[in-house]
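Read the structure below first, then the notes.
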Amino acid sequence: MDANLLSLFWEGFELESYEVTTSNTLSLRLQPRSSQPPVCSGCGQATLLVHDVSRRHVRERDLFDYRVWLDVPVRRVRCVGCGIRREQIHWLPGRRGLTQAMIRQVEVLASLLPIKQVAELLGLHWHTVKAIDHQRLSREVQAPDLSQLRRLIMDEFALFKGHRYATVATRQRPLS
Ligand SMILES: [Zn+2]
């Protein structure tokens, strides 16, 4: 049985080396698994034609008392159908500085706690947490149907003293 516990977490990659950089920061250097060729993010085809490689530093979820940073070699492939494309990495979508697992953790905490507290807890910038929370909201909350609207009434109130405010909006339907 494979004793490499960390191979559970980063599909297509494995741990090459690690370094404790400060008293609570763990830097993990990953390398692609030689048994898995990169996959084009445009069409999903595996290819062996690597155009170039750039290393990215991204935040991963904490491990015990350590803040975890990953050093990931991200390949661009020369796809027959799509041209030069970034390889597809499910756990590291887009150009964000956080892994998908870390983003998910921010989303869950930001739905429970004020932004400032989440940022402090995870050692992230306030704006980073705010942007992730905003994306979650625009994904999950549908815009209300305003087609029948006659009047819109809004008010704001504090949920916790000085911490967080909520907006209530109510609408009046036309008289039938
Ligand atoms: Zn392709």
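The values are calculated or read from the model by the stated rules, or taken from the named source; none is laboratory data. Note that the structure is predicted; figures quoted are calculated from it, not measured. Cβ placement follows ideal geometry from the backbone for every residue including glycine, while neighbour counts extend to all protein chains displayed.
Data for the structure
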item: Leading residue by the ranking (farthest from the ligand (Cβ to nearest atom)) among those in the range 50-62 that are surrounded by 14 or more Cβ atoms within 10 Å (Cβ to Cβ) and within 27 Å of Met102 (Cα to Cα); result: Asp62
item: Test: Leu113 is of a type outside the set (Phe, Trp, Tyr), at pLDDT 90 or above and assigned to a loop (DSSP other than H, G, I, E, B); result: yes
item: Answer residue from the range 68-91, given it is within 15 Å of the ligand (Cβ to nearest atom) and under 16 Å from the mean Cα position of the chain (by Cα) and is surrounded by the most Cβ atoms within 10 Å (Cβ to Cβ) among those; result: Ile89
item: Tally of residues being surrounded by 15 or more Cβ atoms within 10 Å (Cβ to Cβ) and over 13 Å from Arg59 (Cα atoms) across the range 92-113; result: 4
item: Residues that are polar (S, T, N, Q), assigned to a helix (DSSP H, G or I) and touching a Pro at 6+ places or on another chain (Cβ under 9 Å), drawn from the range 87-109; result: Gln100
item: Qualifying position, being out of contact with any His (no Cβ under 7 Å at 6 or more places or on another chain), under 18 Å from Glu14 (Cα atoms) and of a type in the set (Phe, Trp, Tyr), among Trp91, Trp126, Trp69; result: Trp91
item: Residue that is farthest from the ligand (Cβ to nearest atom), among those in the range 29-49 that are surrounded by fewer than 15 Cβ atoms within 10 Å (Cβ to Cβ) and touching a residue at least 12 places away in the same chain (Cβ under 8 Å); result: Gln31
item: Test result for Val58, within 22 Å of Leu8 (Cβ to Cβ) and either modelled with pLDDT of 95 or more or part of a strand (DSSP E or B) (or both); result: yes
item: Hits in the range 75-109 (condition: touching a Lys or Arg at 6+ places or on another chain (Cβ under 8 Å) and small (Gly, Ala, Ser)); result: Gly97, Ala101
